[in-house]
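Each remark here refers to the structure printed beneath this line.
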Amino acid sequence: MAENIKENIQSLRTHRNAVILVHNYAPGDVQDIGDFVGDSLELARKAAATDADVIVFCGVHFMAETAAILSPDKTVLMPDREAGCPMANMATPRELAEYRRKYPDASVVTYVNSSAEIKAMSDICCTSANAVDIVGSFPENRDIIFVPDRNLGAYVEQRLGRKLILWPGYCPTHHRILLEQLRETREQHPGAPVIVHPECRPEIIAEADAVGSTSQILRYCRETTASEIIVGTEIGILHRLEKENPGKTFYPASPIMDCPNMKLNTLEKVMWVLEDMAPVISLDEETAEKARIPIERMLEQS
Ligand code: 13P
Ligand code: SF4
């Protein structure tokens, strides 16, 4: 059954001249049929550079939307349009307009985990891979409104020794890991280094040996001489970690760190979207044009 689905995907991919982009958290069998698997920054770059006619985006909505903004002449499909990101929904244009009124001289740095409307109101975007460098590129005395992840924002504050105006959003999946649980996992695997995603709570980040985006976590795990590593991010990343590092053992910092939205991507749905050429991710042109500017600024700077 799965083999038939994979064969169908293969012939549809050729027939449609499609590229399948997959986030590091997607289910393992979906990662395995991807043309490219990566973090948000890498996937945005691939989406901007592809010469395929169709992009099948196996991630969550804001990622597919970013691909559609960067490649307006391509057809961007999502296996399941219900795959949203709760953190992206925690910032609304009305609230951001209020912040802008309250801090008229501040610049707005927006994490890509946000809607196109929010990006359209921003000065520059960032991902977890480049947030420190992007914020650091602003003059020291400039006020920065950092939207919408307060944990990534607090991490940037700590790295740069500089205060930001933090939006109160967060990722429910990364919030699930608590300090007691991380310490318990550490006790079970003494000596194993801990690497976490910057969407984790500040006390988790303070306890970790390293912090990085999903692809930075993959790189750290590839390069470290440690043979056992504790990983504090969405558990979908374990598939790639185990596949790429057969001699190493990976322990999730918490087994309950799963993102239900990422798990909506399935092989069947990838086949169906290529058959039906729907659902297509589309945006109104004016919003897309305004949102493209801060995304392109980010890509130029990183
Ligand atoms: P990365 O940019 O590190 O891949 O993270 C995206 C994300 O949604 C993390 O929860
Ligand atoms: Fe959004 Fe968190 Fe899922 Fe990432 S893991 S897509 S931030 S809900």
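Of note:
- Across region 25-120, Cα pairs under 8 Å and at least six residues apart give a relative contact order of 25 percent.
- Computed on the Cα atoms alone, the convex hull of region 1-158 gives a volume of 117 cubic angstrom per residue.
- Judged by the gyration tensor of its Cα atoms, with axes a ≥ b ≥ c, region 2-69 is oblate; a/c meets the 1.5 cut and b/c is at least as large as a/b.
- With a threshold of 31 Å on the Cα-Cα distance, the over-threshold entries among Lys6/Lys119; Lys46/Lys263; Lys102/Lys290 are Lys6/Lys119.
- Taking all C-alpha pairs of region 155-302, those more than 20 Å from each other amount to 61 percent.
- Charged-residue dipole, Cβ positions (Lys, Arg, Asp, Glu), region 6-53 about Cα centre, Debye nearest 20: 100
- Amide H contacts under 5 Å for Val108: Asp123, Ile124, Ile145, restricted to partners 5 or more places along the chain or on a different chain, H placed in the peptide plane at 1.01 Å from N.
- Positive-end residue of Ser11, Val108, Ser71, charge dipole of region 1-141 with Cβ unit charges: Val108
- Computed about its Cα centre, the charge dipole of region 204-302 is approximately 360 debye, with only Lys, Arg, Asp and Glu carrying charge at their Cβ.
- Viscosity 1.567 mPa s, 4 °C: Kirkwood-radius Stokes-Einstein D of region 92-226 over Cα pairs, µm²/s: 82
- Toward the positive end of the charge dipole of the chain, with +1 on the Cβ of Lys and Arg and -1 on the Cβ of Asp and Glu, the farthest Cα among Val270, Ile195, Ile55 is that of Ile195.
- Just so you know, the averaged projected area of the alpha carbon convex hull for the chain sits at 15.6 nm².
- Relative contact order of the chain, pairs being alpha-carbon contacts under 8 Å that are 6 or more residues apart, as %: 24
- When the Cα atoms of region 127-181 are aligned to their principal axes, the ranges along those axes come out at 38, 18, 17 Å in descending order.
- Positive-pole candidate from Leu238, Leu41, Ser122, dipole of the chain, charges at beta carbon: Ser122
Bear in mind these aren't lab numbers, they're just calculated from the coordinates by the rules spelled out. Owing to the predicted nature of the structure, the values given are computational and were not obtained by experimental measurement. Virtual Cβ from ideal backbone geometry, glycine too; neighbours counted across all protein chains shown.
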